[in-house]
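The values are calculated or read from the model by the stated rules, or taken from the named source; none is laboratory data. Please read these numbers as outputs of a predicted model, since none were measured by experiment. Here Cβ is always computed from backbone atoms with ideal geometry, including for glycine, and neighbour counts include all displayed protein chains.
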Amino acid sequence: MPSLDRSSELLSAFAREWATVLGALLGGPASVERVADPASPADWRMDVAIEGAECGFLTIGLAEADAVEMSRRVMGLEEPPPEAAVLDTLREVGGQAAGALGQVSVAVGLTFKVDASHGGPRPNETAQVFRLAVGPDLRMTVAGWAAVVAAEARAEANSPQTASGSVQGSYKPTAPGGGNLDVLMDIDLPITVRFGSADMTLHALTRLGPGSVIDLGRSPDDPVEVLISGKVVARGEVVVVTGNYGVRITEVVSTTDRIRSMGA
């Protein structure tokens, strides 16, 4: 069975890292505290699968208004973002928090995989409630759930027989959404390299022909942009690889810019 103390420790640590990431993105101080509040919002969720020396999940649940407002501020928008942009923001912010958590002593030997969802069933575990304060006026009350066991304990629990040969039940904590990002890792994504862009009138477009020159408005020394699904993720310089064009990456777009581009 999961250790309540260990589950609570990891959940609290993740909540702290999440608040820190939000503070960095929004440019203000951030804090998180455990509160005795019966509310346990879960309209939107960040689900964090845990693997390694311990296995299980962490989940952060947010109320509808809080998830939308947080995403709007992170992306710097005037209007509420669409659902897809909120999900992308939760995944990005949760991913940064999980990455930071993986560097501290409380999470040695663990890896984290983050997903997000809108709605869905609540975890069976008892919720812990946190209050996040970011900057002068962003306040959110969020619910947290966690179930963590040692990897050895899970393997033993999942064994179909005990030493005496009797059949046993098993406990195997999984992320509430049932998702495992491993199944997505082999999906091919289209990569586009953009050398430049230009605006043309319809009249000029109709007059294009062999030998026409289009001014892209960029210097040969300017970096080219690497896009995935229309979003800039990196910049680099053009090189030749075994007779073919390639791009040597010189800059990876910051997390803040990537998140904001999702709401564009």
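Examine segment 85-100 for a residue that is basic (Lys, Arg) and in a helix (DSSP H, G or I), and state whether such a residue exists. Can you show your working first?
Step one: list which residues in segment 85-100 are basic (Lys, Arg), which gives 91.
Within this subset, residues satisfying the condition of being in a helix (DSSP H, G or I) are 91.
Looking through segment 85-100, at least one residue is basic (Lys, Arg) and in a helix (DSSP H, G or I).
Determine, yes or no, whether Val35 is touching a residue at least 24 places away in the same chain (Cβ under 8 Å) and out of contact with any strand residue (DSSP E or B) (no Cβ under 9 Å at 6 or more places or on another chain).
Numbers: touching a residue at least 24 places away in the same chain (Cβ under 8 Å): yes; out of contact with any strand residue (DSSP E or B) (no Cβ under 9 Å at 6 or more places or on another chain): no.
No, not satisfied.
Suppose the filter is crowded, with 18+ Cβ neighbours inside 10 Å and modelled with pLDDT under 90; does Met75 pass it?
Values: crowded, with 18+ Cβ neighbours inside 10 Å: yes; modelled with pLDDT under 90: yes.
For Met75, the condition - crowded, with 18+ Cβ neighbours inside 10 Å and modelled with pLDDT under 90 - is met.
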